[in-house]
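Okay, so here's the structure we're looking at.
The values are calculated or read from the model by the stated rules, or taken from the named source; none is laboratory data. What you see is a predicted model; the values in this text were computed from it and never measured. Note: accessible area is taken over every heavy atom of the protein model, side chains too, but ligands, DNA and RNA are not part of it. Shrake-Rupley method; radii C 1.70, N 1.55, O 1.52, S 1.80 Å.
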Amino acid sequence: GARQQTELCNESLMLEKLPACGKSFEKMMKKVDSKKWCNLTEFIMYYDNFTQCTEREANNASCFWPNPLAEGFITGIHKQFFSNCTSEKVHWEDPPDEILITLILIPVMLTCAMITLVVWCSKRSDIL
């Protein structure tokens, strides 16, 4: 059979080429208002080009993609552009006491009523 030649990953070549992908992405992101950087639909094509570029450069250097070095580079780009894109935490509050007491008492009262009904019916099984 044919013997497949395996090449070692040239990490230094990959790390030399990846910044060009970052520069290209940065140039494209300048077209997007920085207030819209957290909205993926505004720059999805640019990000796709960036991802393809990093993958191509990793493959050209005979490296797998993603790999720890490429991921580190991509993470750096994420920190540069998307560090302020944290999801907003919803602040939950308890309802007012009147509503909370009602929401607690209704199931408690229904449970007590059902227990009373079952006990009453079991004592009067001769009539039913």
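The table that follows gives values for the structure above.
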{"item": "Length gained when the stretch ARG56-ASN39 is fully extended (0.36 nm per residue, less Cα-Cα span)", "result": "3.6 nm"}
{"item": "Where the chain is the region considered: accessible area per residue in Å², 1.4 Å probe", "result": "82"}
{"item": "Accessible area, probe 1.4 Å, largest first, for residues TRP65, TRP92", "result": "TRP92, TRP65"}
{"item": "For segment 61-88 versus segment 31-48, the gap between their alpha-carbon centres in whole angstrom", "result": "16"}
{"item": "Those lysines that a straight Cα-Cα span of less than 19 Å connects to LYS79, excepting residues fewer than 8 apart in one chain", "result": "LYS23, LYS27, LYS30, LYS31, LYS35, LYS36"}
{"item": "Share of carbon and sulfur in the accessible heavy-atom surface of the chain [1.4 Å probe, %]", "result": "59"}
{"item": "Mean shadow area of the chain over all directions, Cα convex hull, nm²", "result": "20.6"}
